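Inspection log for the structure reproduced underneath, given as structure tokens.
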Amino acid sequence: MTEEERPLEVEETRFRRRLRLTHRTGLWIAVVGAVAVLVYLILLIVENSHRVMVHYVFGTGHTRLIWLIIVCGILGWCWGIATSAIIRRRTRRPR
């Protein structure tokens with residue numbers, strides 16, 4: 001490339017520099033947050049890995065507490081989605 005073909009380097013403005021550094025800081029905050037959540041989940045699993053007795057209406061059973069927490073969480077999440085869809089359907093404007 002000759003000197004004429006080479007693009008001119010534009011000086012980075014203060015706004016662009018701050019935007020670039022803020023974006024990088026946000027990425028580091030996201031990484032630290034993700035690691036903290038991962039450590040918390042590992043500790044949750046380790047602390048709740050012992051077996052417990054679950055009493056049903058017509059019997060009892062043994063299961064690990066962590067599976068009980070996970071299944072209840074998933075069922076609660078699905079229940080929340082279902083009720084949200086029902087409420088949204090009943091309260092939307094008629095066509």
(message) Working only with C-alpha atoms, what are the Rg and Dmax values of the range 54-95, expressed in angstrom?
(response) 16.5, 52
(message) Given Cα positions, please report Rg to Rh for the chain, the hydrodynamic radius being the Kirkwood one.
(response) 1.35
(message) Please give me the summed charge of the neighbours of TRP67: other residues whose Cβ is under 15 Å from its Cβ, Lys and Arg +1, Asp and Glu -1.
(response) +1
(message) Along the Cα→Cβ direction, 7 angstrom out, place labels at LEU65 and LEU44. What is the inter-label distance in nm?
(response) 1.4 nm
(request) Could you tally the net charge around SER84, taking each other residue with its Cβ under 14 Å from the Cβ of SER84, Lys/Arg +1 and Asp/Glu -1? (result) +4
(request) Take every Cα pair under 8 Å in the chain that's 6+ residues apart, average their separations, divide by the length, and report that relative contact order as a whole percent. (result) 13 percent
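Just so you know, all these numbers are worked out from the coordinates, no wet-lab data involved. What you are looking at is a predicted structure, and each value in this text was computed from that prediction instead of being measured. Note that each Cβ is placed from the backbone with ideal geometry, even for glycine, and that neighbours are counted across all protein chains shown.
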